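Accompanying notes for the structure given below.
The values are calculated or read from the model by the stated rules, or taken from the named source; none is laboratory data. Small disclaimer: the values here were computed from a predicted structure and weren't measured. Ideal geometry is used to build each Cβ from the backbone, glycine not excepted, and the neighbour counts take in all protein chains shown. To get the accessible areas, we keep the full protein, side chains included, count just its heavy atoms, and leave off ligands, DNA and RNA. Shrake-Rupley method; radii C 1.70, N 1.55, O 1.52, S 1.80 Å.
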Amino acid sequence: MRAYVRRTVADRNPIDDAERGSITTFLTRYDALVDPMDQELDPIHVTGSAIVTGPRGVVLLRHKRLGLWLQPGGHVDPGEMPWEAALREAQEETGLEVDFATVGDDGVPPLVHVDVHPGGRGHTHLDLRYLVDGGDADPDPPDGESQEIGWFTWPEAVERASDDRLTTLLRHLSP
């Protein structure tokens, strides 16, 4: 699966120069890691994020530690693949019943964005982002997760997102 993840990133058609740079950085760093999914082995590791969409628009949450309006996502657990982490994190952080918007013949959802960014605590996240269907229920995050969360229309989400790369992705994906 390591080769599969690398291939999906290498084959990705970037939406802009920032993503093109992230893809180049991702591949260089990914190839140098012993276990790119293991956050304990190296401060540089793969993470998975979910762009949660539905008839109401896009779900964003205010990150508890960073104070930024972002998509749900996080670290890859042992034995998980990045797309599985994105789906799990979306469920955990939003309380929504979520599923991938689409999957390929191999059962894996298409990669919609690659972003390399500082992850706090000296980490670098090699973030792989996937499109997730969140239905239309109200988010209901459990205690311990950010309670500042909600559905935003596409234009509201573009305006609210705190990260320029996420803003560009939302513009690109908006219907």
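Selection within the stretch 100-139: residues that are in a loop (DSSP other than H, G, I, E, B) and acidic (Asp, Glu). The member of this set that is farthest from residue 19 (Cα to Cα) is 138. May I ask you to verify whether residue 53 is of a type in the set (S, T, N, Q) and in contact with an Asp or Glu (Cβ under 9 Å, 6 or more places away or on another chain)? The answer is yes for residue 53. For the condition part of a loop (DSSP other than H, G, I, E, B), open to solvent by 50 Å² or more (accessible area, probe 1.4 Å), more than 11 Å from residue 59 (Cα to Cα) and in contact with a strand residue (DSSP E or B) (Cβ under 7 Å, 6 or more places away or on another chain), residue 162 qualifies. When we screen 87, 96 for residues that are under 18 Å from residue 53 (Cβ atoms), at pLDDT 95 or above and in contact with a Pro (Cβ under 8 Å, 6 or more places away or on another chain), the only hit is 96.
Of the residues 48, 79, 74, which is more than 15 Å from residue 149 (Cβ to Cβ) and within 16 Å of the chain's Cα centre (by Cα)?
Numbers: 79 fails: within 16 Å of the chain's Cα centre (by Cα); 74 fails: more than 15 Å from residue 149 (Cβ to Cβ).
Answer to the selection: 48.
Inside the stretch 17-33, residues that are open to solvent by 40 Å² or more (accessible area, probe 1.4 Å) and either touching a residue at least 60 places away in the same chain (Cβ under 8 Å) or closer than 13 Å to residue 114 by Cβ (or both) make up a count of 7. Selection of first residues in the stretch 44-69 that are within 13 Å of residue 129 (Cα to Cα) and open to solvent by 10 Å² or more (accessible area, probe 1.4 Å) and of second residues that are of a type outside the set (A, V, I, L, M) and at pLDDT 95 or above, restricted to Cβ pairs under 6 Å at least 6 apart or on distinct chains, gives an empty result. Scanning the stretch 97-106 turns up one or more residues that are among the aliphatic types (A, V, I, L, M), exposed (fewer than 15 other Cβ atoms within 10 Å of the Cβ), without any contact (Cβ under 8 Å) to a residue 24 or more places away in the chain and under 24 Å from residue 37 (Cα atoms). Of 78, 36, all but one fail to be open to solvent by less than 30 Å² (accessible area, probe 1.4 Å) and either β-branched (Val, Ile, Thr) or within 22 Å of residue 8 (Cα to Cα) (or both); the exception is 36.
Which ones in the stretch 140-152 are open to solvent by less than 60 Å² (accessible area, probe 1.4 Å) and either of a type in the set (Gly, Ala, Ser) or part of a loop (DSSP other than H, G, I, E, B) (or both)? Steps first, answer last, please.
We begin by selecting, within the stretch 140-152, every residue open to solvent by less than 60 Å² (accessible area, probe 1.4 Å); these are 141, 144-146, 149-152.
Hits for the stretch 140-152 are 141, 144, 145, 146, 150.
Of the residues 75, 63, 45, the single one that is of a type outside the set (Phe, Trp, Tyr) and over 19 Å from residue 29 (Cα atoms) is 63.
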